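Colleague: Take this structure first; my questions come after.
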DNA sequence: CCTTTATGGTAAAGTTTATTTACTCATGTA
DNA sequence: TACATGAGTAAATAAACTTTACCATAAAGG
């Protein structure tokens, strides 16, 4: 049995729902959709764990250790992801000659194509949300989430 | 090296941020915090995968297959989680004599205590967000997210 | 009544993913 | 020089998930 493409609705009244579930469920739905549509668009070999690397703001020009920190995983785990993505042709690791033993991640053409596709999918999703909520309300939602982002709440 | 307790801020201007990242980052921050505080409150043995079971609206009275579907994983994977949580004393699986071979998950006292603790943590988080955004704006945020939840967007 | 089909559940093996442990290389500094 | 530090990597181990396969109950069809 493989993973489903979508999740069943939770049988609850949304009144008593807390911010955790309210954020988690839509975020997961978006995450799934991105993977599914990437896989259906010529990027069949990308799996969930790879998303920790491709995620906004993307790995281009960033050092492995920083990527690990961003993703909340060990440098070793990130390194395995990077090796995998390198083998699949999405990126390359080159020496960053300026600083010690540091290396740097460069996306390949294919990597940038996948990243652009992700962007397109997210644009589609935003269009749908805007149509559902109304343009003003959707802008408000993004504004409020941006304020959360800027605040120390998310650290 | 073990997982960090918090993530570094992404070096970006939030203007060009898409809804994916705007939802993902706060949701992950909440998720991490819940695990960390649970671990620090006498529930040391709960790990990330277990959260797929404990997540709102909780497993009490639900059948394993339904939990698997909700979590977006195979019945077998869910069953391993349930076995683990059963061994740790958070729940029990009993026969549901009404329907076929169906079983049902019952939370133990300890399980309900963990679930209640999760709820408390989320209440704390909501309080902090309300203080940061303002009560009216926070209510607006939840209202907008509830509308997304109710819509077909998240399925 | 017997066979088939569908549903719900479980177990073991195998694969993937992540952590633990241990090491290299470059740089700074006492 | 000797020592410490930070960044990176690799191999071994452990954890988590999927694949494959199976059992048990109920419903339907002959």
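Colleague: Check the axis relating chain B to chain A and name the residue of B whose C-beta is nearest, distance in whole Å.
Modeller: Taking the axis that maps B onto A, the answer comes out as B:27, 2.
Colleague: List the distances, in nm to one decimal, from the label point of residue A:92 to the label points of the same position in every other copy, shortest first, placing each label point 7 Å from Cα along the Cα-to-Cβ direction.
Modeller: 6.2
Colleague: Still on this model: Per-residue Cβ counts within 10 Å, from other chains only, averaged over A:37-46: what number is that? Write down the numbers at each step before the final one.
Modeller: Values: counts 0, 0, 0, 0, 0, 0, 0, 0, 0, 0.
Across A:37-46, the average partner-chain Cβ count within 10 Å equals 0.
Colleague: Distances from residue A:40 to the same residue in each other copy, label points 7 Å out along Cα→Cβ, in nm, shortest first?
Modeller: Spelled out, the distances from residue A:40's label point are 4.3 nm.
Colleague: If you project the alpha carbons of the protein assembly as shown onto their three principal axes, what span does each projection cover, largest first, in Å?
Modeller: Cα extents, longest axis first: 65, 42, 38 Å.
Colleague: Now for a different question. I'd like the distance between the alpha-carbon centres of region B:94-115 and region A:63-98, rounded to an integer number of Å.
Modeller: 43
Colleague: Helix-only mean residue ellipticity at 222 nm, chain B, DSSP H runs n ≥ 4 weighted -39,500 (n - 2.57), per residue, nearest 500. What is it? If you can, show how the numbers build up before the last one.
Modeller: Numbers: 6 runs with 90 residues, N = 155.
For chain B, the value works out to -19000 deg cm²/dmol.
Colleague: For chain A, what is the per residue volume of the convex hull drawn over the alpha-carbon atoms, in cubic angstrom?
Modeller: On the way: hull volume 24.9 nm³, N = 155.
Enclosed volume per residue, from the Cα hull, is 161 Å³.
Colleague: Another question, if that's okay. Taking residue B:16 in one copy and the same position in all the others, each labelled 7 Å out along Cα→Cβ, what are the pairwise distances from the first, in nm, shortest first?
Modeller: Ordered by increasing distance: 4.5 nm.
Colleague: Report the relative contact order of chain B, percent, no decimals, based on alpha-carbon pairs under 8 angstrom and at least 6 residues apart.
Modeller: Values: 108 pairs, mean separation 26.1, N = 155.
Contact order relative to length: 17 percent.
Colleague: Now a separate question. On a 0 to 90° scale, report how tilted helix A:109-133 is relative to the longest principal axis of chain A, with both axes built from alpha carbons and the result rounded to the nearest 10.
Modeller: That helix lies at roughly 10 degrees to the long axis.
Taken together, the values in this text are just the output of simple stated rules run on the coordinates, not laboratory data. These numbers were taken from a predicted model, which means no experiment stands behind them. Because the Cβ atoms are built from the backbone with ideal geometry, glycine has one as well, and the counts that use them run over all protein chains shown.
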